[in-house]
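S.K.: Below are the structure tokens for one structure; questions will follow.
Read-outs: derived from the displayed coordinates by stated rules, not from any lab. The shown structure was predicted, so the numbers you read here are calculated from the model rather than taken from an experiment. Here the Cβ positions follow ideal geometry from the backbone for every residue, glycine too, while neighbour counts run over all protein chains shown.
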Amino acid sequence: MATGETFPVEVLTPEGEVFSGEVVQVSTRTMVGEIGIQANHAPVLAALKPTELRLHVSESDVESWAQAHGMMQVFGNRAQLLVEEAIRPDELDADALRRELEDAEQRLQECEEGSAAEKRAEKDRERVEKFLEIAGAS
């Protein structure tokens with residue numbers, strides 16, 4: 001990280017605020033690939049994919065979450081991430097995630113091809129697979 005200059009970031013889920021504070025960098029994954037946001041970044045509006053969200057609070061302090069699908073807006077030297085879920089990696093329950101994966105795969109087998117149910121099951125499977133990877137239990 002080059003500048004060390006901080007900027008405000010908010011991470012919000014339907015349950016409420018997960019993080020609000022100054023960071024040096026945001027590292028996440030969009031639909032087109034990994035992205036790192038630093039102070040004074042060009043405006044961005046991007047769909048987010050499940051990944052390990054890393055907020056670099058300082059050059060040496062990084063806070064992490066398992067991030068589900070969502071959206072990110074960067075504008076006016078601030079970033080806002082609206083995600084379906086954001087869970088600390090040490091709070092992930094690998095057994096529950098494996099059950100969710102079985103459920104998503106079962107729904108994929110049963111739903112009609114091209115249906116909204118198929119798209120939801122694929123999205124759920126993608127999230128659970130990434131969360132299991134983050135939990136170190138893939």
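S.K.: Which angle from 0 to 90°, rounded to the nearest 10, does the C-alpha axis of helix 116-134 make with the longest principal axis of the chain?
M.R.: Approximately 60 degrees, to the nearest ten.
S.K.: Quick one: Karplus J couplings for region 55-71, per residue in order, coefficients 6.51, -1.76, 1.60, θ = phi - 60°, nearest Hz, x for Gly and Pro?
M.R.: Per residue, the Karplus-derived 3J(HN,Hα) values read 10, 7, 5, 8, 4, 10, 10, 10, 9, 10, 9, 7, 9, 8, 4, x, 9 Hz.
S.K.: Compute the helix-to-body angle for 94-110: its Cα long axis versus the longest principal axis of the chain, expressed 0 to 90° and rounded to tens.
M.R.: Rounded to the nearest ten degrees, it is 60.
S.K.: Mind giving me the nanometre distance, one decimal, between the label points for K123 and R78, set 7 Å out from Cα along Cα→Cβ?
M.R.: Between K123 and R78, the label points sit 2.7 nm apart.
S.K.: Which order, highest average first, do 24-35, 104-115 follow once you tally other Cβ atoms within 10 Å for each residue and take the mean per peptide?
M.R.: The densest-packed peptide leads the list: 24-35, 104-115.
S.K.: Give the dimensionless ratio obtained when the Cα radius of gyration of region 93-134 is divided by 2.2 N^0.38 Å.
M.R.: So the Cα radius of gyration is 1.13 times the expected 2.2 N^0.38 Å.
S.K.: Once you place label points 7 Å from the Cα toward the Cβ at D93 and S115, how far apart are they in nm?
M.R.: Between D93 and S115, the simple spin-label model gives 2.8 nm.
S.K.: Less than 13 Å from a label point 7 Å out along the Cα-to-Cβ axis of A47: which backbone N atoms in region 68-94 qualify, by residue?
M.R.: Within reach of a label on A47: 69-72.
S.K.: How long are the semi-axes of the ellipsoid equivalent to the chain, from square roots of 5 times the Cα gyration tensor eigenvalues, in whole Å, largest first?
M.R.: They are 30, 17, 11 Å, listed largest first.
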